[in-house]
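These notes are about the structure you will find just below.
Throughout, read-outs are computed from the coordinates displayed, never taken from laboratory work. Here the structure is a predicted model, which is why all the values come from computation and not from measurement.
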Amino acid sequence: MLRNHIIDPYTGYPSLKQLEVNILSEDISGARLDALSTALICMTEAEGLAFRQTFLAEGYEFEAAWANDIAATETVPAYLEVRYTEGYDPYLEKSETTHYQMIMD
């Protein structure tokens, strides 16, 4: 199992909810985006989308992409899955070995 260096404040161990979270914004500073991505990596995708909605309601826009390693099964090899908000799509350089899915929130 792949892990990251972000410690989940609820468990005290590396966060297992997300492998990686990337966010983009023209409205929010880089320092704040760094803090937001750290928070989002400790949330489920649904929690992260709800958290994003609070920023949208306040007039701040940010786009997010969640990357997770999907374990192999007997019939399907392991792969990377990237799920992202609609505005993130133009920034993706897609790979044939990665599964991409736009999230409509």
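Brief remarks follow.
- Residue among S95, S15, S25 with the largest mean-square fluctuation in a Gaussian network model of the chain, springs linking Cα atoms under 10 Å: S95
- Expressed to the nearest 5 percent, the antiparallel share of DSSP beta bridges inside the chain is 65 percent.
- Panel values: the chain, Kirkwood radius from alpha carbon pairs, Stokes-Einstein at 37 °C and 0.692 mPa s, translational diffusion coefficient 225 µm²/s.
- Seen against the Cα atoms of the chain and their longest principal axis, helix 45-57 is set at about 20 degrees.
- Backbone HN-Hα couplings from phi across the range 83-89 [Karplus 6.51/-1.76/1.60, Hz, Gly and Pro as x]: 10, 8, 6, 4, x, 7, 3
- In percent, rounded to a whole number, the relative contact order of the chain is 22, using alpha-carbon pairs under 8 Å and six or more apart.
- Between 0 and 90°, nearest 10: helix 30-41 axis offset from the chain longest Cα axis: 50
- Under a 5 Å amide H cut-off, with hydrogens placed 1.01 Å from N, I6 pairs with S15 among residues at least 5 apart or on other chains.
- ³J(HN,Hα) computed for each position of the range 15-20 - Karplus, 6.51 cos²θ - 1.76 cosθ + 1.60, integer Hz, glycine/proline x: 4, 10, 6, 9, 7, 7
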